[in-house]
Amino acid sequence: MSSSAFAQVTISQTQSFNFTPNGSQSLTFNKINGNVSDFNDILDITISIVFTKTGGSLSVDNDSAESGEVTFTHTLAGALNQGSGPALIDSGFSTGWAAVNAISSTTQFLEATTGDPTDEFNNTGLGDFYRFDPDPVTVASSSSIASAVWGQYFEATGPGTFSWNFSANQLTDATGLGGLQQALTVSQAQGTVTVEYSLIPEPGTIVLATIMFGSLGGLHLLKRRKK
Ligand SMILES: [Ca+2]
Ligand SMILES: [Ca+2]
């Protein structure tokens, strides 16, 4: 095994969420114990989101006198929010990667209204009605955090934690005809957020070095590599 194979440590933490929109869930992660300057090298901080929307529905009652194609859209708009936690600014100085939309859509032909009241939603079960039950949708997003804010992920005085929250809002739309009455049920928001620290510990300064190298021989290899 080469010395470089010893050198890099990747610490991965994953937290899961599962809630009913509209809402949010707090996710707590560990900071790295030490100052940024305690480390020989910080290679990367990567955050990954996997977001799944399951269930929910969108029903449409066409109350217009016209028939035609109607496009149903059933979206769960998710976002990882910084709150009081470390900045979510990526290496392109954007936070846009932290917003994830799980989108389902279908286009259906609806008949003209069938005699039901034209000022309210009715489940007629006839040709002017359709219920869209979308399949589960999973979207993923991942980004490397800007080095300018890496210090926010470290705790100089010892082990520390931080919390972000993941939020999800249900959005629906039906377009194509006038007089469309809509009724919806919300999806469930489920998924994970993973924080990965890739770094090279400074020998002797932190527990991480012991865990990774397990012996003085390993530490010696790292020291030699730095010369
Ligand atoms: Ca109708
Ligand atoms: Ca109606």
Evaluated at 4 °C and 1.567 mPa s, the Stokes-Einstein D of the stretch 69-159 based on the Kirkwood radius over Cα pairs, in µm²/s, stands at 74
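Per DSSP H run of at least 4 residues, take -39500 (n - 2.57); add these up for the chain, divide by its residues and hand me the 222 nm value, nearest 500 deg cm²/dmol. Please list the in-between numbers first.
Numbers: 3 runs with 23 residues, N = 227.
It lands at -2500 deg cm²/dmol.
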Helix 216-226 sits off the longest principal axis of the Cα atoms of the chain, rounded to the nearest 10 on a 0 to 90 degree scale, by 90
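Need one number: % antiparallel among DSSP beta bridges in the chain, to the nearest 5. It would help to have the intermediate numbers written out before the result.
Details: 75 of 77 bridges.
In the chain, DSSP labels about 95 percent of beta bridges as antiparallel.
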Amide H contacts under 5 Å for GLY23, restricted to residues at least 5 apart in sequence or on another chain and with H modeled in the peptide plane, are ALA168
The chain: Kirkwood hydrodynamic radius (Cα pairs, Å) comes out at 20.7
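Please state the relative contact order of the stretch 3-226 as a whole percent: Cα pairs under 8 Å, 6+ residues apart?
Working: 557 pairs, mean separation 97.1, N = 224.
RCO, the stretch 3-226: 43 percent.
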Diffing the stretch 17-22: the Karplus 3J(HN,Hα) column from phi (6.51, -1.76, 1.60, θ = phi - 60°), in whole Hz with x for Gly and Pro, holds 9, 6, 8, 9, x, 6
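Any read-out appearing in this document is the output of simple, stated calculations on the displayed coordinates, not a laboratory observation. Nothing here was measured: the structure is a model prediction, and the numbers come from that model.
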